[in-house]
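For reference, the structure discussed in these notes is given below.
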Amino acid sequence: MEVETRMSSYLDELYAHQEWADAEHWRAFEAHPPALKDKAIRERLHHIHLVQHAFLWITGPQSEPLASRKLEEFSSIFDLKNYAQEGLQHLNEFVKSLDPTHAELIIEIPWFRPPAKISIRQALTQAAMHSHYHRGQNATRLRELGGIPPMTDFIAWLHKGQPLAQWE
């Protein structure tokens, strides 16, 4: 039971950090308007949050078909931000409610050929790591545009006392 509790806590921390870090990045982009108009940042933000929704779907009940939204379907960058917040909220709720035994169920990730067979826990870990990777790319691009990227390392979040996401 101790290992199961630690793993649940680990995923809880990863997802709380992910939401905080994503919100920090969104606020940094909003503070530097050229960032929100930048094609690379917009496309990467879309990709980050689309993948988060995809992993929520693939690890969840799959009661409806996966809704793969194109960037053009968002009427504004702020609609994409709302999509991000919604997905992260649902992911956090899912992770908090995840039974440790269920977390070890093997699922198929269909966008690989052949499909990847991994546990739900591993899929959720991948989703958090994927976002971390692309936040780094966006931080580099923000600096290139003259903005100041936020420090969103996991250890920085821990040092700050694990703050909740501040989207505004």
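FYI, it's all coordinate maths here, none of it is from the lab. What you see is a predicted model; the values in this text were computed from it and never measured. When we count neighbours, we look across all protein chains shown, and the Cβ atoms used for this are built from the backbone with ideal geometry, even at glycine.
Assorted remarks:
- Placing a pseudo-label 7 Å from each Cα along the Cα-to-Cβ vector at LEU66 and HIS159 gives an inter-label distance of 3.7 nm.
- Nearest 10 degrees, 0 to 90: helix 77-97 Cα axis against the chain principal axis: 30 degrees
- Label-point gap, in nm, between MET151 and GLU108 - each point 7 angstrom along Cα→Cβ: 4.6 nm
- PHE78-ARG143 pseudo-label distance in nm [points 7 Å out on the Cα-to-Cβ vector]: 3.1 nm
- Each peptide in 123-131, 38-46, 149-157 was scored by the mean count of other Cβ atoms within 10 Å over its residues; highest first, the order is 123-131, 38-46, 149-157.
- The chain: angle of helix 2-31 to the longest principal axis, Cα-based, in degrees nearest 10: 20 degrees
- Degrees, to the nearest 10: 39-59 long Cα axis against longest axis of the chain: 10 degrees
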